[in-house]
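What follows is one structure encoded as structure tokens, with my remarks underneath.
The values are calculated or read from the model by the stated rules, or taken from the named source; none is laboratory data. Remember, predicted model here, so these are calculated numbers, not experimental data. For neighbour counting, all protein chains shown are included, and Cβ atoms are generated from backbone atoms with ideal geometry for every residue, glycine included. Please note that ligands, DNA and RNA were not included when accessible areas were found on the heavy atoms of the full protein model with its side chains. Shrake-Rupley method; radii C 1.70, N 1.55, O 1.52, S 1.80 Å.
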Amino acid sequence: MTQAPITPSTTPNPSTWESKARLYDYRQAANPVRRGLTEPIGYHRWDARLHASGPTAVIPLDLSDELGCPGPATSPGLAAHFLRLLAGEGLKAACQATSSLFYVLEGTGSLRWNSRQLDWGPGDLIALPCGDAPLLEALSTSVLYWVHDGPLLQHLGVEASTPRFEATHYPAARLEAELQQLLADPAATRSNRLSLLLANADLPASRTVTHTLWAMLGVVPAGAVQPPHRHQSVALDLIIDCDPGCYTLVGSELDGQGRIRNPERIDWQSGGAFITPPGHWHAHVNESGRMARLLPIQDAGLHTYLRSLDIRFSDGSGAR
């Protein structure tokens, strides 16, 4: 069969097809992460006073204006929030995301999602895939930390439609028992980080809490200085509990002794949060007389899948 010729009316207009085409010298475009173009991720810290008082509300940790991306967003791919709920009140944590993590800083209540209900209390962590907007109702005045990957989906121009893991509850009692077992292990004292990585049986290859997110429940013992390490994921760090004298040193380079060169100091506060930018060396220090606890949430599930996480330690070793 002979194919009919294309008529002029169906022939693409070259000027239309090429109107958005641009060409750059490699030297001008190979690394566009710089001020005024693709904005770098900076150092930021949020005070616990954000959620210490006030009405029931979603409190976004929004840096979208600085990042030059649609908001709310705390990093290019993640959005973090504090949720404050007064006793007897509730709110919906609505977002278009594939993964949502909720950590209960204080208070008690329940979560309703996809015709299911779960009671929660201090120290619980809940991971949800896409689905109905969860309804959180407080029995007592409560504060939760909520992180989701909605900004990533907005950048890709997609909507979440298929759950990639089952909704999972990590009860505080189970987390504490596992953490105490880790601390009782003499070999753990030689580890760079004293932490539990939360994982999901639906994701055996990545060993992460969701297919895009990583969550790590960690401690820094009194008097400890954790050596620097770095990774290509963004860390949205929640300080669960600490005394004055706990802080993180962050910087982009190491000196010849493996110390962070010209570090930025980020002081910790119980119930506060801060960002560790990707690729930046960071070391946690506890100069107080009591153990401190933290919960970094990262987009490391995605980086693990892409094989781009690239965790490195200042002594040149691997994760230990």
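Computed quantities for the displayed model
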{"item": "Test: residue in region 90-104 that is open to solvent by 10 Å² or more (accessible area, probe 1.4 Å), assigned to a loop (DSSP other than H, G, I, E, B) and more than 24 Å from PHE165 (Cβ to Cβ)", "result": "no"}
{"item": "Residue check for PRO134: at pLDDT 95 or above, under 15 Å from LYS92 (Cα atoms) and buried (at least 18 other Cβ atoms within 10 Å of the Cβ)", "result": "yes"}
{"item": "Breaking point among (1) over 22 Å from LEU198 (Cα atoms); (2) open to solvent by less than 30 Å² (accessible area, probe 1.4 Å), for ALA79", "result": "(1)"}
{"item": "Residue check, GLN257 in a loop (DSSP other than H, G, I, E, B), at pLDDT 95 or above and not hydroxyl-bearing (Ser, Thr, Tyr)", "result": "no"}
{"item": "Conditions (1) at pLDDT below 95; (2) crowded, with 16+ Cβ neighbours inside 10 Å; (3) in contact with a Pro (Cβ under 8 Å, 6 or more places away or on another chain); number of the one not met by VAL33", "result": "(2)"}
{"item": "Search result, residues across region 51-67 that are touching a Gly at 6+ places or on another chain (Cβ under 9 Å), of a type outside the set (Val, Ile, Thr) and assigned to a loop (DSSP other than H, G, I, E, B)", "result": "ALA52, ASP62, LEU63"}
{"item": "Flag for LEU196 being open to solvent by less than 90 Å² (accessible area, probe 1.4 Å) and at pLDDT below 95", "result": "no"}
{"item": "Criterion (within 21 Å of the chain's Cα centre (by Cα), open to solvent by 50 Å² or more (accessible area, probe 1.4 Å) and of a type in the set (Gly, Ala, Ser)) met by exactly one of GLY150, GLY157", "result": "GLY157"}
{"item": "Residues of region 40-58 satisfying the condition of being touching a helix residue (DSSP H, G or I) at 6+ places or on another chain (Cβ under 8 Å) and either surrounded by fewer than 17 Cβ atoms within 10 Å (Cβ to Cβ) or free of Cβ contacts under 8 Å to residues at least 12 places away in the same chain (or both)", "result": "GLY42"}
{"item": "Filtered residues of region 106-126 (kept if surrounded by 22 or more Cβ atoms within 10 Å (Cβ to Cβ) and within 20 Å of the chain's Cα centre (by Cα))", "result": "LEU125, ILE126"}
{"item": "Qualifying residues in region 275-320 (those that are crowded, with 17+ Cβ neighbours inside 10 Å and in a helix (DSSP H, G or I)) - the one farthest from the chain's Cα centre (by Cα)", "result": "THR304"}
{"item": "Top-ranked residue in region 251-274 [being among the aliphatic types (A, V, I, L, M) and closer than 19 Å to ILE311 by Cα; ranked as most open to solvent (accessible area, probe 1.4 Å)]", "result": "LEU254"}
{"item": "Among (1) open to solvent by 30 Å² or more (accessible area, probe 1.4 Å); (2) under 27 Å from ARG265 (Cα atoms); (3) among the hydrophobic types (A, V, I, L, M, F, W, C), the one test that LEU63 misses", "result": "(1)"}
{"item": "Unmet criterion (only one of (1) open to solvent by 40 Å² or more (accessible area, probe 1.4 Å); (2) within 20 Å of the chain's Cα centre (by Cα); (3) not hydroxyl-bearing (Ser, Thr, Tyr)) for ASP185", "result": "(2)"}
{"item": "Residue within region 227-250 that is at pLDDT below 95, over 30 Å from GLY107 (Cα atoms) and either open to solvent by 40 Å² or more (accessible area, probe 1.4 Å) or more than 22 Å from the chain's Cα centre (by Cα) (or both) present", "result": "yes"}
{"item": "Within region 208-225, considering residues that are part of a loop (DSSP other than H, G, I, E, B) and more than 22 Å from GLY123 (Cβ to Cβ), the one nearest to the chain's Cα centre (by Cα)", "result": "THR212"}
